[in-house]
Amino acid sequence: RGYMVELVKTTAEEETVLGTVGVDVSSDWTKFPRYGFLSEFGNVPAGERRNVLNNLKDYHINGIQFYDWHNKHHIPLPTDESGNAIDSWADLFNREVYLETVEGYVETAKDKNMASMFYNLLFGAWHPEQGDGFEEEWLIYNDRTHNSVNTHSLGDLGDILITDPSNKNWQNYIFEETAIVYDNIDFAGWHLDQLGDRGTVYDYNGYQVPLPETYQDFLVELNQEFPDKKMVLNAVDQFGQNKILNSPVDFAYTEVWSRNQYQDLVQVIKENYEHSDNQLNTVLAAYMNYNSQEGNFNTPSVLMADAVIFAFGGAHLELGEHMLSSEYFPNTKLSMTPELSEKLKEYYDFQVAYQNLLRDGGTFNMPSVSAESGDVNLNNWPPVVSQAAVVGKEFSDKQVLHLLNFDGLSTLRWRDDSKIQTAPEVKESFQVQIETAQTPSKVWFASPDVDGGASQELEFTQTGNTISVEVPYLEYWSMIVLEN
């Protein structure tokens, strides 16, 4: 359950909201995942680690992906002859990683009720050497005669060799290495990664390998091996997602690449609902202002993307030691302005407080809503420039309406590579008419853009099947709830 705590000052008959904060009392963080990341594991002092996690706590981050913390993909945690983790090692890009830093982050995060997930490919080998126990028979190939290994090139750093996830010997090998990770570091689970569509590939014996099916096989076996650990697999551009979400993963995760419009983000979230029989919520790795190389993130593009993702029940992987701008998480080319930082806190408070409306059941619908004011134009989703899009969600005892404001925006492309997105035109105190077959007992309003997301009851009139109500405010995103 999610709740909104409001600090209110009352004078005579007037109430003023002084502050708000969302509170999540869920017993399982993967029900409503709000995912962050960590990407620097060098000699980071304990005080600095606490500051990073305290900041993430202010955004209600409840799960953390430890990105590139490992040594080799097939031997993520190097150990000494006694099987104990060594004090330090180099990551993929030859950055030094300290065991003390990784363990310190895990322990401090646990104290703050944040789950730590270690990152690793499910099918990668990095520079296997004699003595590693690695076998070329576990690899996948571009030809039937195992002459051309399927690889992922990292330029001067070399190639990642791709294994067959369904190969039992590979599974046994990497599961043993994973057990070493869990024996030494108290990670809550494994954030598994893949590399998207690899084309037509074959195993060592020349049989074609259907990768999505092998993902499912791997995940089923992984769950049996570590039943008490969480797991999630990145569906790169949705590749293999249907099979992934029919496996025992704990939530849906999609790295978005080719889907460029706001409505495409929504389609990914809806697909994930469908693939998981409406059981799993989604985290999107959607990198904002991707092609920009310096300066600050564009506040309107970030807020509009989050408004769309949150309104449809998704979460956005974007916060760590810094804000995320590319698939290489340590990249710090762009910064958050203080304004964006504070506004995002309101959005995350809102997401938490109303998570049972945003992410806990209900059926999307297309209610008939019209504006009586001349400067407000409404249309049902998907969005149209110069209008506000209406998103409906129906529950057994209420109808939820989201208004997402695209009036004033310069583009409907969410990534906003060149930072050209403009802020929407603010609308205040406008009348809307809502068709409903019910007689509401109560109508209320809330928005992350005003009063810290605090709710306020609205007066309404009903004539036949039409409700007329005044919407107090619309900037990026406002929500109206009709309770039966």
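The values are calculated or read from the model by the stated rules, or taken from the named source; none is laboratory data. Since this is a predicted model, take the numbers as computed values, not measurements. As a convention, Cβ positions derive from the backbone with ideal geometry for all residues, glycine included, and neighbour counts pool all protein chains shown. Just so you know, the surface numbers come from the protein's heavy atoms only, side chains and all, with ligands and any DNA or RNA stripped out. Shrake-Rupley method; radii C 1.70, N 1.55, O 1.52, S 1.80 Å.
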Worksheet, complete the sentence: Per residue, accessible area of the chain with a 1.4 Å probe, heavy atoms of protein chains only, in Å², comes to 41 Å²
Worksheet item: Which one, [x] 0.97; [y] 1.22; [z] 1.04, gives Cα Rg over 2.2 N^0.38 Å as derived from the coordinates shown?
Response: [z]
Practice prompt. Quote the charge dipole size of region 1-84 about the Cα centre in Debye, to the nearest 20; the model charges only the Cβ of Lys and Arg (+1) and of Asp and Glu (-1).
Written response: 180 debye
Item to complete: Give the cross-link partners of Lys345 among the aspartates and glutamates, using a straight C-alpha distance below 13 Å as the criterion and excluding same-chain residues fewer than 8 apart.
Response: Asp58, Asp306, Glu318, Asp449, Asp451
Worksheet item: What shape does region 352-399 have by the C-alpha gyration tensor, where a ≥ b ≥ c are the square roots of the eigenvalues, rounded means a/c under 1.5, and otherwise prolate means a/b greater than b/c and oblate the rest?
Response: prolate
Discussion item. As an exercise, use a Förster radius of 41 Å and the Cβ-Cβ distance of Val426 and Thr461 to find the FRET efficiency, rounded to the nearest 0.05.
Written reply: 0.95
Worksheet, complete the sentence: Per-residue ellipticity at 222 nm attributable to helices in the chain (runs of n ≥ 4 DSSP H, -39500 (n - 2.57) apiece, nearest 500 deg cm²/dmol) works out to -7000 deg cm²/dmol
Practice prompt. State, to one decimal in nm², a quarter of the convex hull surface area for the C-alpha atoms of region 117-275, i.e. the direction-averaged projected area.
Written response: 10.4 nm²
Worksheet item: Taking only the alpha-carbon atoms of region 353-484, what semi-axes of the equivalent ellipsoid follow from 5 times the gyration tensor eigenvalues under a square root, in whole Å, largest first?
Response: 25, 16, 14
Worksheet item: What percent do you get for the relative contact order of the chain when only Cα pairs under 8 Å and 6+ apart count?
Response: 14 percent
Response to the item:
Of the listed links Lys112/Lys230; Lys343/Lys398; Lys57/Lys398; Lys72/Lys333; Lys343/Lys419, those spanning more than 21 angstrom between alpha carbons are Lys343/Lys398; Lys57/Lys398; Lys72/Lys333
Fill in: Reach of Lys270 by Cα under 20 Å, taken over lysines that are not fewer than 8 positions away in the same chain
Lys31, Lys243, Lys393
Worksheet entry | Å³ per residue enclosed by the Cα convex hull of region 30-165 | 143 Å³
Item to complete: Would you work out which of Val385, Phe430, Ser455 lies farthest towards the positive end of the dipole of region 371-484? Charges go on Cβ: Lys and Arg +1, Asp and Glu -1.
Response: Val385
Worksheet item: Using a Förster distance of 25 Å, how high is the FRET efficiency between Gln438 and Glu372, based on the Cβ-Cβ distance and rounded to 0.05?
Response: 0.75
Fill in: Modelled FRET efficiency - R0 41 Å, Asp277 with Asn94, Cβ distances, 0.05 increments
0.40
